[in-house]
1. Out of the residues in region 267-283 that are hydroxyl-bearing (Ser, Thr, Tyr) and open to solvent by 30 Å² or more (accessible area, probe 1.4 Å), state the one that is farthest from Trp396 (Cα to Cα).
2. How do the helices (runs of 4 or more DSSP H) wholly within region 119-224 filter down when requiring 2 or more residues that are over 18 Å from Gly408 (Cα atoms), under 24 Å from the mean Cα position of the chain (by Cα) and among the β-branched types (Val, Ile, Thr): which remain?
3. When both residues are 6+ apart or on different chains and their Cβ atoms are under 6 Å apart, which pairs have a first residue that lies in region 419-440 and is over 17 Å from Cys372 (Cα atoms), and a second that is in a loop (DSSP other than H, G, I, E, B)?
4. Quick check on Ile148: is it of a type in the set (A, V, I, L, M) and open to solvent by less than 10 Å² (accessible area, probe 1.4 Å)?
5. Could we say that Lys395 is open to solvent by 10 Å² or more (accessible area, probe 1.4 Å) and more than 27 Å from Phe20 (Cα to Cα) here?
6. What is the number of the single condition among (1) at pLDDT 95 or above; (2) open to solvent by 50 Å² or more (accessible area, probe 1.4 Å) that Trp40 does not meet?
7. Collect the residues in region 398-428 that are assigned to a loop (DSSP other than H, G, I, E, B), open to solvent by less than 60 Å² (accessible area, probe 1.4 Å) and touching a helix residue (DSSP H, G or I) at 6+ places or on another chain (Cβ under 9 Å), keeping them in residue-number order.
8. For region 50-65, state whether one or more residues are of a type in the set (D, E, K, R), open to solvent by 10 Å² or more (accessible area, probe 1.4 Å) and at pLDDT 95 or above.
Amino acid sequence: MNHSQPQQSAVWLHIGAGSFHRAHQAWYLHRLIKAGDEQWSIALGNIRDDATPLLNTLAAQQGEYVLETVTPAGERHYETISSIKKIIPWDAELSQLIAQGEKPETRVISFTVTESGYYLNNQFNLDQTNPDIRADLQGECRTIYGAISHILQQRKRSNGGPVTLLNCDNLRHNGSRFHQGLLQFLALRQQPELLEWIAANTSCPNTMVDRITPRPSPDVAVRVEQYMGKASQAPVMAEAFIQWVIEDNFIAGRPRLEKVGVEMVESVLPYEEAKIRILNASHSCIAWAGTLVRQQYIHESTQTEAIKKIAYRYVTEDVIPCLSPSPLNLKDYRDVVLDRFSNSYIQDTNQRVAADGFSKIPGFITPTLIECYQRGETPETTSLLPALFFVFMHKWALQQLPYEYQDGIVDPQAVKQMFAAKDPVAVYARDGKLFAELAEKPEFEALLRRSIASVYQWLDSVNAG
């Protein structure tokens, strides 16, 4: 692949105007520009209109905003990020986003979507039953597949040249999974010429991204104003820790990201497995457990000994044996992750981290369950994670959660029917979308039954105390 630098200035188009991009990829590009490499800049747009107020605010500030970072010791740092040079206004046809994407100077198109935003089933095939996917198959632009296919079609027509499609999110094998989903989408759209063009003119590197970035709260803007001496709209806040590992597979040149600490590697696999199973799965576990004992923040729940112990034992007893040998020191990684989760200055909510459980169980947790059985071990501690989610969703069905649960693929009716069934645990354990081949195993159902009972028992003891 071509890693050479483009001679003229190049644009990195990012789709997804959330906080994470502004705390992560935009920060790295900003650092590169500050180091004197000004060849690349970011154009920022969104597929849905929910980010329009933010985009308008950023446009009024010429794309600039303040990033606040905080260490576990409470040390705060403020930086004005200036890598976003163009804000793309939203319209229903995404016409301006598509126009930017087709330009030859746009060499990388990156995007951040949630796990559910890939619309993949548990075989990682495109979910053709989803109404958003069905709408996009008819020509709309509700999903990443609809948006990217429109951009690439225009790029092909106007001879825009090759482009790298770069995922920046937590889906395992994200580049490969997206590429497969896009090809299936275009096959269903019966666009063989575009499929042929994509094969010759795109690459989809796998990536691993990491920086805890809570939803901004009003006090961030107050602190920024105190520090800067003037008001700054749309600030974003994140932890001090940051990591980005990218498979070095860019088809149309790339920024020299290795100069600012990005790890450019041949294979992302060991890094993403460690991150997804140790960080992401533990994060969800802590959020579900913390919510059940009426805690609001991740740091509170991580500092609760019984909850921290579940996460620690899950990683130590089940994940580390599954992932060994590894180029990472997995025990150190586990300890750093739990230290990061304990950061009381982040104020990250259990609500944010608990979201999208119906995607996270099959993506983050089921692989460890399966591999434990393959190793001849019973995944006692890992089974506590889906057990916690079962009890969490039971509270949701009873309208007893302290907040609104957000999930891109939840079927509320199916969940309510499950808890109305004669044996809800059996319905849950036999759900192939969640547990793949384990849904057929009576020993897994028996294990899950024991683990769910232990979660209820733990809650009773907490309430009694």
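The values are calculated or read from the model by the stated rules, or taken from the named source; none is laboratory data. Being a predicted model, the structure only gives us computed values, none of them experimental. Positions of Cβ are backbone-derived with ideal geometry, glycine not excepted, and every protein chain shown enters the neighbour counts. Side chains are part of the model used for accessible areas, which takes the heavy atoms of the whole protein and leaves out ligands, DNA and RNA. Shrake-Rupley method; radii C 1.70, N 1.55, O 1.52, S 1.80 Å.
1. At the first step, the residues of region 267-283 found to be hydroxyl-bearing (Ser, Thr, Tyr) are 267, 271, 282.
Of the ones still in play, those that are also open to solvent by 30 Å² or more (accessible area, probe 1.4 Å) are 267, 271.
Working: Ser267: 40, Tyr271: 34 Å.
Among them, the one singled out is Ser267.
2. Details: elements: 131-137, 144-157, 174-188, 192-201.
It comes to 144-157.
3. These pairs meet every condition: Val427/Ala421; Lys433/Asn122.
4. On the way: of a type in the set (A, V, I, L, M): yes; open to solvent by less than 10 Å² (accessible area, probe 1.4 Å): yes.
It is true that Ile148 is of a type in the set (A, V, I, L, M) and open to solvent by less than 10 Å² (accessible area, probe 1.4 Å).
5. Values: open to solvent by 10 Å² or more (accessible area, probe 1.4 Å): yes; more than 27 Å from Phe20 (Cα to Cα): yes.
Here the answer is yes, as Lys395 does meet what is asked.
6. Condition not satisfied by Trp40: (2).
7. Keep residues of region 398-428 that are assigned to a loop (DSSP other than H, G, I, E, B), which gives 398-411, 421-423.
Within this subset, residues satisfying the condition of being open to solvent by less than 60 Å² (accessible area, probe 1.4 Å) are 401, 403, 405, 407-408, 410, 421, 423.
Leu401, Tyr403, Tyr405, Asp407, Gly408, Val410, Ala421 - these are the residues of region 398-428 that are assigned to a loop (DSSP other than H, G, I, E, B), open to solvent by less than 60 Å² (accessible area, probe 1.4 Å) and touching a helix residue (DSSP H, G or I) at 6+ places or on another chain (Cβ under 9 Å).
8. Filtering region 50-65 down to residues of a type in the set (D, E, K, R) leaves 50, 64.
Those still in the list that are open to solvent by 10 Å² or more (accessible area, probe 1.4 Å) too: 50, 64.
Applying the additional criterion that residues be at pLDDT 95 or above yields 64.
Yes, there is a match, as at least one residue in region 50-65 is of a type in the set (D, E, K, R), open to solvent by 10 Å² or more (accessible area, probe 1.4 Å) and at pLDDT 95 or above.
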